[in-house]
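Below is one structure, written out as structure tokens; the observations come after it.
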Amino acid sequence: MSRRTIRKLTNLVALGLSACATAIGLVFLGAILWTLFKQGLSGFSLSLFTQMTPPPGATTGGLLNAIYGSFVMTLLGILMGGPIGLLAGTYLAEYGRNTRLASVIRFINDVLLSAPSIIIGLFVYELVVVPMGNFSALSGAVALAIISMPVIVRTTEDMLNLVPQGMKDASTALGAYPWRTITSIAYPAARSGMVTGLLLAVARISGESAPLLFTALNNQFWSTNLGAPIANLPVVIFTFAESSYQNWIQLAWSAALLITLAILLLSIIARVLVSRMSPGGARR
Amino acid sequence: MNEMAAVGGTRAARHAATQRLLERVFGGTTLAMALLVLLVLGGVAVSLLRGAWPALSHFKLAFLTREIWNPVTDEYGALAAIYGTLVTSAIAMVLALPVSFGIAVFLTELAPNWLKRPVGVAIELLAAVPSIIFGVWGLFVFAPILQDTVQPWMMDTLGALPGVGMLFQGPPAGIGVLTAGIVLAIMIVPFISSVMRDVFETVPDVLKESGYGLGATTWEVIWNVVVPHSRTGIVGGCMLGLGRALGETMAVTFVIGNAHDIATSLLAPGTSISATIANEFTEATTALYRSSLIALGVLLFIITFSVIAAARLMLMRLDRRALSSV
């Protein structure tokens, strides 16, 4: 075989393998989504949204309390983590842009962004659960807030950096203080990007399970008390999937489908918002 | 007339004073919130160490070297959990690396434009699926497949080999260290390939075009131009994936088997640091038990944070905006 043929063959084989790798990735995505829909949809009924999680041995039951608990904790989490993240991101992009402090904070934030969530759970256990004396919805929300924070900081900073400097300079030239420039010029210009960050953060925390195991725990009953344990979809999946009751396993699948649908929907909305924000962002 | 000017002057002065005050309040608040990020990391380290102190001072260094984990006699060692964490992550990396590289190559150099975007989005959606879904899927769908078909085959072929054979022996349980490693690999492929793709896209077209101009094939351009140019980014992306694999909890907990043993066979059940914490934390009855679990958390904190920090340092040199997906 000539050297040329060998080179061409190597090229063909390598590129073929890379196409195979992509196919493998897509096959697994398809397999997971397919099972999720097949198993989850068969358990979808009205009672899923109207009844509480069943006790062992019961044949009926739904996920109402878990859906409510997940919703409340995610909402509280983003209400706490959102403003903190937005303001911290503002500092990194505007006030502290080129300072040493900002680059340290940026680095730590990036580290927190990929930190294992179970460690955040242990932290909140020590920080909130131990002083309060019991597991509670509030501590779950705090854990979710801490997990959402780095996501929001990062996207807020990136989006504010996309606002043209000329626009901010024009505002400064009119005599506006930085706070006025930021709130009246930069925020409106970067709004859809910042909303995207919030949506991505909601997507991230609504599927978090590990930190809720030692903060919100679980609750078989309807509870609106923030100081008490509360049911939530991820922990329900965790307990029900490992049980031996058929209807519990069915509910775990339905809960899994619910969460995944919510997250995929949020991710897709976020994607559409970003592609509207900047021509460069339309690429992906 | 003069009076009016004076009134206007004080109003302007008052307005300026309000503006300055608002400026100080707003600027100060953003700084305080930014400092909160540092405080969280510091708080994590301090509170974990405080919680782990009873166990660490009781067992001392033996905590790291003992395999025993016995709630009945209240004796704990972290070796089995550390072993499980490292081995599952190693399996995940070995499997995920080539696949991620292939996906990144496909997306940047090979795919036609109409295919690039949908495939890229699909892979990124895989990254958005929460880890507990991978766990449930692994337990109910993937583990049975492994148990019925793949593992018996492995035992017959790989298990018969001298040397490495002992890694693939024992009853095919379906769940175990190997299964956990494979599920982890599926989980981290989207992360690593997204980083790699973003890094590949930072390679200037001129460099690639000069390669093609010299008559190189697509693969030769990738291997000799794109890869060397993005070496740091590739390693950083891999370590980011590794950090994720080391700390992943829910996907592992379902399929690793939760046995505090170090078995030679990869098919045997084991445990990992995160799986142990997730399974046993709410059942920990004694103070020493709970403290030992938090001590495991400290170990995980040290391992993952050093890996992630190294990864971030490597990726920092690149344009941050190029890395949109992490």
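What FRET efficiency do you get for A:Leu162 and B:Ala13 if R0 is 35 Å and r is their Cβ-Cβ distance, rounded to the nearest 0.05?
Step by step, r from the Cβ atoms, then E = 0.40.
What's the longest bit of chain B with no exposed trypsin sites (Lys or Arg not before Pro), using DSSP loop states and at most 13 other Cβ atoms within 10 Å as the test?
B:61-316
Mind checking the full-extension length gain between B:Val141 and B:Asp74? Use 0.36 nm per residue of separation minus the Cα-Cα distance, one decimal, nm. Walk me through the numbers before you get to the answer.
Numbers: separation 67, 0.36 × 67 = 24.12 nm, distance 3.63 nm.
Value of the extension gain: 20.5 nm.
Which percent of the accessible area of chain B is formed by carbon and sulfur heavy atoms (probe 1.4 angstrom)?
C and S atoms contribute 69 percent here.
In debye, nearest 20, what is the charge dipole magnitude of the protein assembly as shown about its Cα centre with +1 on Lys and Arg Cβ and -1 on Asp and Glu Cβ, if you could check?
For this selection, approximately 1780 debye.
Inside 10 Å of the C-beta atoms of A:30-42, what's the mean count of C-beta atoms belonging to other chains?
Whole-number average of other-chain Cβ neighbours for A:30-42 is 3.
Please work out the average accessible area per residue across chain A, using the 1.4 Å probe convention, and give it in Å².
Result: 41 Å² per residue.
Efficiency by 1/(1 + (r/R0)^6): what FRET value for A:Leu75 and A:Ile268, r their Cβ-Cβ distance, R0 = 30 Å, to the nearest 0.05?
Computed FRET efficiency for A:Leu75 and A:Ile268: 0.90.
Nearest 10 degrees, 0 to 90: what angle lies between the long axis of helix B:287-316 and the longest principal axis of chain B (Cα atoms)?
Roughly 70 degrees between the two axes.
With a 1.4 Å probe on protein heavy atoms only, tell me which residues of region A:79-109 lose at least 20 Å² of accessible surface in the complex relative to the chain by itself.
For region A:79-109, once contacts with the other chains are taken into account, A:Ile84, A:Leu87, A:Ala88, A:Tyr91, A:Tyr95, A:Leu101, A:Ile105, A:Arg106, A:Phe107, A:Ile108 lose 20 Å² or more.
Which one, B:Asn224, B:Ala122, B:Ile145, projects farthest toward the positive side of the charge dipole computed for region B:95-233 from Cβ point charges (K/R +1, D/E -1)?
Among B:Asn224, B:Ala122, B:Ile145, the one farthest towards the positive end of the dipole of region B:95-233 is B:Ala122.
Would you tell me the mean number of C-beta atoms belonging to other protein chains that fall within 10 Å of each C-beta in B:246-252, as a whole number?
Counting other chains' Cβ atoms within 10 Å and averaging over B:246-252 gives 5.
Hey, what's chain B come to in accessible area per residue, 1.4 Å probe, Å²?
43
For chain B, calculate the relative contact order in percent as a whole number, restricting contacts to Cα pairs under 8 Å that are 6 or more residues apart. The partial results should precede the final answer.
Details: 435 pairs, mean separation 85.3, N = 326.
In percent, rounded to a whole number, it is 26.
Suppose the chain between B:Asp261 and B:Asp156 were pulled fully straight at 0.36 nm per residue; how much longer would it get relative to their current alpha carbon spacing?
35.4 nm
For the protein assembly as shown, with equal point scatterers placed on the C-alpha atoms only and solvent neglected, what are the log10 I(q)/I(0) values from the Debye formula at q = 0.09, 0.11 1/Å, to two decimals?
-0.76, -1.11
Which of the residues in region B:92-133 show a loss of at least 50 Å² in accessible area from their chain by itself to the complete set of protein chains, at a probe of 1.4 Å?
Flagged in region B:92-133: B:Leu110, B:Arg117, B:Leu125, B:Leu126, B:Pro130, B:Ile132, B:Ile133.
At 7 Å along the Cα-to-beta-carbon direction for both B:Ala45 and A:Ala19, put a label point, then send me their distance in nm to one decimal.
5.1
Using only alpha carbon pairs under 8 Å that are at least six residues apart, calculate the relative contact order of region B:156-255 and give it in whole percent.
Details: 57 pairs, mean separation 39.2, N = 100.
About 39 percent, as a whole number.
So if we plug the beta-carbon distance of B:Thr282 and B:Arg24 into 1/(1 + (r/R0)^6) with R0 = 51 Å, what FRET efficiency do we get, rounded to 0.05?
My answer for the efficiency is 0.65.
Using the basic label-point model (7 angstrom from Cα toward the beta carbon), what is the A:Leu26 to A:Thr183 distance in nanometres?
5.0
Probe radius 1.4 Å, ligands and nucleic acids left out: can you give me the accessible area buried at the A-B interface, summed over both chains, in Å² to the nearest hundred?
Roughly 7900 Å².
Kindly sort B:Val177, A:Val13 by accessible area of their heavy atoms, largest first, with the probe set to 1.4 Å.
A:Val13, B:Val177
Taking region A:68-177, which trypsin sites (Lys or Arg not before Pro) meet the DSSP loop condition and have no more than 14 other C-beta atoms within 10 Å?
For trypsin sites (Lys or Arg not before Pro) across region A:68-177 that sit outside H, G, I, E and B with at most 14 neighbouring Cβ atoms in 10 Å, the list reads A:Arg97.
Hey, could you grab the Kirkwood Rh for region A:33-191? Inverse mean 1/r over distinct alpha carbon pairs, Å, one decimal.
So the Kirkwood estimate lands at 19.0 Å.
Which lysines, if any, have their Cα less than 26 Å from the Cα of A:Lys8, not counting same-chain residues under 8 positions apart?
Reachable lysines: B:Lys116, B:Lys208.
Contact order normalised by length for chain A, with contacts defined as Cα pairs under 8 Å and 6 or more residues apart; what percent is it?
After rounding, I find 25 percent.
Need one number: nm distance between label points at A:Leu174 and A:Glu242, each 7 Å from Cα along Cα→Cβ, rounded to one decimal.
5.9
State whether chain B is rounded, prolate or oblate according to the following rule on the C-alpha gyration tensor (a ≥ b ≥ c being the square roots of its eigenvalues): a/c under 1.5 gives rounded; otherwise a/b larger than b/c gives prolate, and the remaining case gives oblate.
Since a/c reaches 1.5 but b/c is at least a/b, the shape of chain B is classed as oblate.
Computed over the Cα atoms of region B:150-222, what is the ratio Rg over Rh, Rh following Kirkwood?
1.28
Please list the helices of chain A that count as membrane-span-like by this rule: a mean Kyte-Doolittle hydropathy of at least -0.5 together with Cα atoms stretching 27 Å or more along the helix axis, each helix being a complete DSSP H run.
A:3-41, A:64-90, A:137-162, A:246-277
Any chance you could list the semi-axes, whole Å, largest first, of the equivalent ellipsoid that the Cα gyration tensor gives for chain A, using √(5λ)?
Square roots of five times the eigenvalues give 37, 32, 18 Å.
For region B:211-256, what is Rg from Cα atoms divided by 2.2 N^0.38 Å, rounded to two decimals? Please report the intermediate quantities before stating the final value.
Details: Rg = 17.3 Å, N = 46, 2.2 N^0.38 = 9.4 Å.
Compactness ratio reported: 1.84.
Quick one: with all protein chains in place, what share of the accessible area of chain A is carbon or sulfur, to the nearest percent (1.4 Å probe)? Present the calculation step by step, with values, prior to reporting the outcome.
Working: 8190 of 11740 Å².
Ligands and nucleic acids excluded, carbon and sulfur give 70 percent.
The values are calculated or read from the model by the stated rules, or taken from the named source; none is laboratory data. If you're wondering where the values come from, they're calculated on a predicted model, not measured in any experiment. Quick reminder, even Gly has a Cβ in these numbers, built from the backbone with ideal geometry, and neighbours come from all protein chains shown. These accessible areas exclude ligands, DNA and RNA; they are computed on the full protein's heavy atoms, side chains included. Shrake-Rupley method; radii C 1.70, N 1.55, O 1.52, S 1.80 Å.
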